[in-house]
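Here the structure is laid out as C-alpha cells; the discussion comes afterwards.
The values are calculated or read from the model by the stated rules, or taken from the named source; none is laboratory data. Note that the coordinates shown come from a computational prediction; the quantities given were computed from them, not determined experimentally. As a convention, Cβ positions derive from the backbone with ideal geometry for all residues, glycine included, and neighbour counts pool all protein chains shown. Ligands, DNA and RNA are excluded from the accessible area calculation, which covers all protein heavy atoms including side chains. Shrake-Rupley method; radii C 1.70, N 1.55, O 1.52, S 1.80 Å.
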Amino acid sequence: MLTKRIIACLDVDDGRVVKGVQFVNLRDAGDPVKCAAAHARDGADEIVLLDITATSDKRQTMLDVVSRTARGLFIPFTVGGGIRELSDAEAVFEAGADKIAINSAAVKDPTLIGKIAARFGSQAVVVAIDARRVNGGFEVFVAGGRIPTGRDALLWAREAAACGAGEILLTSMDRDGTQSGFDCELVQTVADAVSIPVIASGGAGSARDFIDVFRSGRADAALAASIFHFGIENIAQLKRELHAANVPVRWPC
Amino acid sequence: MIAIVDYGAGNLNSVKKAFDYLGAEVVVTTQPEIVTTADKIVLPGVGHFSALIGLDNAGLRDALLRGASAGKPFLGICLGMQWLFEGSDEAPQFAGAGIFAGRCRPFPSSVKSPHVGWNSLAVREGSRLLRNVAPDSFVYYTHSFQAPVVAATTAATEYGAQFSAAVEQENVFGVQFHPEKSWTVGLLILKNFCEVR
C-alpha cells in the first residue's frame, strides 16, 4: 500500500539550518549535512532543503551544502530557494538534488515549470505555494511570504499542475512554525483539486496533527521542520504513533 | 566496469552516486562502444516513454540488445525497466526491447496518478536481484505508467491493481522503483546487482 510520506525540512541560511515562526525570528538548528543524515536514519521519507535567503553572493555556499548533503543521502532530496531560471535548476541538480522546488519564479513565469520538467521530468519539479487566509479565501504570497499576489491558491495549484509540476508543496503561512496544527481545510481544498501529490506544510506540532492532515486534509505527504530539529518529536516516534493509528507509513524502516 | 547509459532522459547523478558509495567501478556514458566493452549495463531513466527515442538516436539500442543477449548482467530502472517490455501506451509508436511480454499502461482511474512515494514489495522467492530483501520492504516510486505482472515478475506492488515492481530473466533485471532512492533496501538491491556473475 502506498504510504503517507513524512518529510523533514531544513531551512538553510548561509550554510546553517535555521527555523523561524511565521517566517521571521530565526533560530540556529545546526549543520544541514548532519541534520539530513540524522533525519534519514530516524525514518524520514524525504529531505527538503530550502535556501531561505538565496542571495546571489551566498549561492556557491548553498551549492556546496547541497553537494555535501546529497553525498550520503539515499532517499529523495529536494532543494528550493533562489531558483529563478533553468540554469539555476541545472546547477542544483548537478550538485545532487533529485527534485527542485520553485515558488516566486513560477508565479512570475509559469512556463519555467514546463521548461524544467521537459529537461528533468515532471517528477523532479515541485511547485511550492505559500498561502494565507485572506477574506475567506486562500491567497498566494511570494518572496518568502512578503508579497501578496492576489491569486487564489487552488487556481494556482491547478495551473501549476497543468504546466507540468510533479508535486505541490503547500505551506500555510498562518500556521508556519506555530506548532498549532496543519491548516487541513487549505490542504483538502488543494488536494481535491489536483491529481498530483500535495505535501502539507506549516503548523506540525504533534502526531495528532499529522493524523488529521492525512485523514481530513487528504494530504499525500506532510512536512515539518522545527519539531524535528529541536527534538520535540522524533520521526521514529512519530511514525510509530501513525502506524498505531492505522495511518499507512513506511514503518518499520 | 558498469556502464550507466545516458540518453538524455533526466538526471543520472543519484544512480552513479549510489554505485560509487558501494565501491563499484561505474561510468556514465552516451557511447555505444563503451556499453559494448562494459561488464554490466544499467539503463536508468525517468519521464516520458518517448524519451527512449534517445536510445535509437544515439545508436545505443543495438549495443544494449547485444549486451543483454550476450549474457551481460543488465539492470533497467524505472523507464529503463519499462523499455524491457514490448512497449507503452504512453508512446505507442515507440517499440520496447520486447524481452518481457506485455505493454505498460496507465494506472486505473480509481487512484491518483502519478504514483509517488514509498510502497511495499510482495517479493517472490528465488530472485538473485532481491536476495535477502525482506518480504514487505518499502521502496520509492515515481511513475505514471506501470508494467503488467508476468511470469518473470519477482516482486509486485499494489496501487489500484498489482503491477510489476521487479522482473528477472537470467541476466536481465528490471525494477520500476528507484533503488538509488530507497535507502538501505535499495542499496542492498544495487549491491546484489554488483555481485551477480
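Against the list (1) more than 17 Å from the chain's Cα centre (by Cα); (2) within 21 Å of A:Val18 (Cα to Cα); (3) free of Cβ contacts under 8 Å to residues at least 60 places away in the same chain, the condition A:Asp88 fails is (2). Has segment A:243-250 got at least one residue that is touching a Leu at 6+ places or on another chain (Cβ under 8 Å) and open to solvent by 10 Å² or more (accessible area, probe 1.4 Å)? Within segment A:243-250, one or more residues are touching a Leu at 6+ places or on another chain (Cβ under 8 Å) and open to solvent by 10 Å² or more (accessible area, probe 1.4 Å). Cβ-Cβ under 6 Å, sequence separation 6+ or interchain: first residue in segment B:182-197 and open to solvent by less than 50 Å² (accessible area, probe 1.4 Å), partner basic (Lys, Arg). Which pairs? What qualifies is B:Asn192/B:Arg131; B:Val196/B:Arg128. Here the strands (runs of 3 or more DSSP E) wholly within segment A:25-106 that include at least 2 residues being buried (at least 23 other Cβ atoms within 10 Å of the Cβ) and touching a Pro at 6+ places or on another chain (Cβ under 8 Å) are A:46-51. Check whether at least one residue in segment A:184-207 is touching an Asp or Glu at 6+ places or on another chain (Cβ under 6 Å), surrounded by 21 or more Cβ atoms within 10 Å (Cβ to Cβ), within 14 Å of another protein chain (Cβ to nearest Cβ) and farther than 21 Å from A:Val126 by Cα, and report yes or no. Among the residues of segment A:184-207, not one is touching an Asp or Glu at 6+ places or on another chain (Cβ under 6 Å), surrounded by 21 or more Cβ atoms within 10 Å (Cβ to Cβ), within 14 Å of another protein chain (Cβ to nearest Cβ) and farther than 21 Å from A:Val126 by Cα, which makes the answer no. Being acidic (Asp, Glu) and more than 25 Å from B:Asn192 (Cβ to Cβ): is that true of B:Asp39 here? In short, no. Scanning segment A:212-230 for residues that are within 14 Å of another protein chain (Cβ to nearest Cβ) and assigned to a strand (DSSP E or B) returns A:Ala221, A:Ala222, A:Leu223.
Looking across segment A:93-118, the residues that are under 19 Å from B:Thr142 (Cα atoms) and not β-branched (Val, Ile, Thr) come down to A:Phe93, A:Gly96, A:Ala97, A:Asp98, A:Lys99, A:Ala101, A:Gly114, A:Ala117, A:Ala118.
Rundown of residues vs (1) modelled with pLDDT under 95; (2) away from every other protein chain (no Cβ under 14 Å); (3) part of a loop (DSSP other than H, G, I, E, B); (4) surrounded by 18 or more Cβ atoms within 10 Å (Cβ to Cβ), yes/no style:
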position	(1), (2), (3), (4)
B:Gly76	no, yes, no, yes
B:Gly80	no, no, no, yes
B:Ala97	no, yes, yes, yes
B:Arg105	no, yes, no, no
B:Gly117	no, no, no, yes
B:Arg128	no, yes, yes, no
B:Pro135	yes, no, yes, no
B:Val139	no, no, no, yes
